[in-house]
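This report concerns only the one structure given below.
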């Protein structure tokens, strides 16, 4: 089971139904970093980590701005020159949405990865 992919599907399903929030569990660092990127770009509202004594959970406020969000499987390795190829494969239009990339410098969008000239593994896309 892929908890990261399940969390993204949970966000998508709650968005489609029109809910104002959702709970994602179990919590992880990678999921927290993804939520920070989504919040920074205006896809979600506030989120908080709730420590329940087990694995923890994130409570996320949804804004209704996500059309599609999904984990990329298998997680392709891409150099910063190859990222545009995957952008056309996963995103509906140029400049619409973003890929989330795990680089040696941390998680970032494809725009930041190209600007910093670093490649990495493709984790997810959102638009």
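The values are calculated or read from the model by the stated rules, or taken from the named source; none is laboratory data. On a predicted model such as this, the values are computed, not experimentally measured, just so you know. Because the Cβ atoms are built from the backbone with ideal geometry, glycine has one as well, and the counts that use them run over all protein chains shown.
Here are some notes:
- Top-ranked residue in segment 64-75 [being surrounded by fewer than 17 Cβ atoms within 10 Å (Cβ to Cβ) and closer than 18 Å to residue 30 by Cβ; ranked as nearest to the chain's Cα centre (by Cα)]: 70
- From the list 73, 54, 117, the one residue that fits, being in contact with a helix residue (DSSP H, G or I) (Cβ under 9 Å, 6 or more places away or on another chain) and not in a strand (DSSP E or B), is 73.
- Whichever residue in segment 76-102 is assigned to a strand (DSSP E or B) and under 14 Å from the mean Cα position of the chain (by Cα) and, among such residues, is surrounded by the most Cβ atoms within 10 Å (Cβ to Cβ): 101
- Residue, surrounded by the most Cβ atoms within 10 Å (Cβ to Cβ), within segment 1-46, restricted to residues that are part of a helix (DSSP H, G or I) and touching a helix residue (DSSP H, G or I) at 6+ places or on another chain (Cβ under 7 Å): 7
- Number of residues in segment 103-114 that are buried (at least 20 other Cβ atoms within 10 Å of the Cβ) and either assigned to a loop (DSSP other than H, G, I, E, B) or free of Cβ contacts under 8 Å to residues at least 40 places away in the same chain (or both) equals 2.
- Selected residue (criterion: modelled with the highest pLDDT) from residues of segment 50-63 that are exposed (fewer than 13 other Cβ atoms within 10 Å of the Cβ) and either in contact with a strand residue (DSSP E or B) (Cβ under 9 Å, 6 or more places away or on another chain) or in the same structural domain as residue 98 (by TED's automatic domain parsing) (or both): 50
- Within segment 16-59, the set of residues being closer than 17 Å to residue 127 by Cβ and within 14 Å of the chain's Cα centre (by Cα) comprises 34, 35, 37, 38, 39, 40, 41, 42, 43, 44.
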